[in-house]
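Student: Have a look at the structure that comes next, please.
The values are calculated or read from the model by the stated rules, or taken from the named source; none is laboratory data. Only a predicted model underlies this, so the values are computations on that prediction, with no experimental measurement involved. Heads up, the Cβs are rebuilt from the backbone with ideal geometry, glycines too, and the neighbour counts pull from every protein chain shown.
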Amino acid sequence: MKKSVILIPTKIEAQLVEKKDHIIISGIAKGTIKTLKRLHEVTPISKAVLIGFAGRLDDSLEIAGTYNVTEVTNGVHHLSLSAITKKWLNVSIITVKKPVHTISKKLELAKIAKLVDMESFYFVEYCLLNNITPYMVRIISDNCDRPLLDFFKASAFKETKTELQKAVKIIEQQLSL
């Protein structure tokens, strides 16, 4: 029997939601693909949702805002996917190999996409190649202007924590989980 899963890249994000069997910590960057592949080999997956935090490249988007990702790129290749709900605006995202924390890098990437992360492109690519319907939801955690270590402080992500919990509940309803 095929199933649906919700993937959350990090333990920091996953500890913000109620732990259930269909919610999996996937790992960052290509770690997400390794986890998805392992899961798919055991029990075929029909739908997969990647939800988590992303950096804001477009200053018109809200910090702590929740968005459907419907366009992904690695800077060379571009892939499209459907939105999981009409409740959230649709945006584009670029996947990079290193965290973005300088204004110059942010401005460079803002010419290509509205958000930035380290796993989206690989996730969508794997899903499309393996007949899994991909969905992506991102919550803006930062403005891409501070070092990554700043996000491991106790006060980090205050506004985004509540949004992540709300978004997971909406996704569970959409997938009938």
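Student: Can you name the residue in region 116-150 that is in a helix (DSSP H, G or I) and acidic (Asp, Glu) and is also farthest from residue 100 (Cα to Cα) among such residues?
Tutor: Result: 125.
Student: Of all residues in region 1-51, which are hydrophobic (A, V, I, L, M, F, W, C), modelled with pLDDT of 85 or more, farther than 24 Å from residue 82 by Cβ and in a helix (DSSP H, G or I)?
Tutor: 42
Student: In the set 70, 66, 85, which member is out of contact with any helix residue (DSSP H, G or I) (no Cβ under 9 Å at 6 or more places or on another chain) and hydroxyl-bearing (Ser, Thr, Tyr)?
Tutor: From the options 70, 66, 85, the qualifying one is 70.
Student: Can you tell me which residues in region 68-99 are of a type outside the set (Val, Ile, Thr), in a strand (DSSP E or B) and more than 19 Å from residue 48 (Cβ to Cβ)?
Tutor: Scanning region 68-99 gives 78, 89, 92.
Student: If we scan region 31-45, do we find a residue that is without any contact (Cβ under 8 Å) to a residue 12 or more places away in the chain and buried (at least 17 other Cβ atoms within 10 Å of the Cβ)?
Tutor: Within region 31-45, not a single residue is without any contact (Cβ under 8 Å) to a residue 12 or more places away in the chain and buried (at least 17 other Cβ atoms within 10 Å of the Cβ).
Student: Pick from 38, 56: which is more than 14 Å from residue 92 (Cα to Cα) and among the basic types (Lys, Arg)?
Tutor: None of the other options fit; the residue is 38.
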